[in-house]
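Data block below; observations after.
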Amino acid sequence: MLTKRFLIVAASLLGISGCASPPKAAGFSVPPEAEKLSVSGPDSYCRRPEVVGQLLVHLSEAPEIKAAGFTVIDFLNASTTEINSATLSFSCHGIANISNGQQLPGTFIVKKNAANRSIWLWMNDD
């Protein structure tokens, strides 16, 4: 069973806390107009189909999720908690629905590291 502790997807969605690089860089883009979108509601950046699609892909690629044979099938109640087109970073809060029936509320964060590569993190709500 997946826990609700503080977690980093690339390190674990099975209850091991830590920090690690994802298996591959995130392929997100943050256009300048994204900062003008509402935080929640149907036109929120984090509710755009292409953004939700990438969230599902990257969350499902976590080694522990793949090893357990699960996938992330939906990201509900998404709201944009931070967005910055200059630094190409953003975060989305919502509920990750796992194919085993679990729901994990938390925040998905995408930002650039010092090497200008996208990294992503998942932090469960406590």
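The values are calculated or read from the model by the stated rules, or taken from the named source; none is laboratory data. Treat the numbers as computed from the prediction; the structure is a model and nothing was measured. Glycine gets a Cβ as well: all are built from the backbone with ideal geometry, and neighbour counts include every protein chain shown. SASA here: full protein model, heavy atoms, side chains in, ligands and nucleic acids out. Shrake-Rupley method; radii C 1.70, N 1.55, O 1.52, S 1.80 Å.
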| message | Given the criterion surrounded by 15 or more Cβ atoms within 10 Å (Cβ to Cβ), small (Gly, Ala, Ser), part of a loop (DSSP other than H, G, I, E, B) and at pLDDT below 85, identify the matching residue among 34, 26. | response | 26
| query | open to solvent by 70 Å² or more (accessible area, probe 1.4 Å) and touching a Lys or Arg at 6+ places or on another chain (Cβ under 9 Å): does that describe residue 126? | reply | yes
| message | Among (1) touching a Leu at 6+ places or on another chain (Cβ under 9 Å); (2) open to solvent by 10 Å² or more (accessible area, probe 1.4 Å), there is one condition residue 92 misses while meeting the rest; what is its number? | response | (2)
| query | Out of the stretch 37-56, which residues are open to solvent by 20 Å² or more (accessible area, probe 1.4 Å) and among the hydroxyl-bearing types (Ser, Thr, Tyr)? | reply | 38, 40
| message | For the stretch 58-108, which positions are β-branched (Val, Ile, Thr), under 17 Å from residue 36 (Cβ atoms) and assigned to a strand (DSSP E or B)? | response | 80, 81, 83
| message | One residue is enough: does the stretch 55-78 have a residue meeting the conditions among the hydroxyl-bearing types (Ser, Thr, Tyr) and either modelled with pLDDT of 75 or more or on the phi > 0 side of the Ramachandran plot (or both)? | response | yes
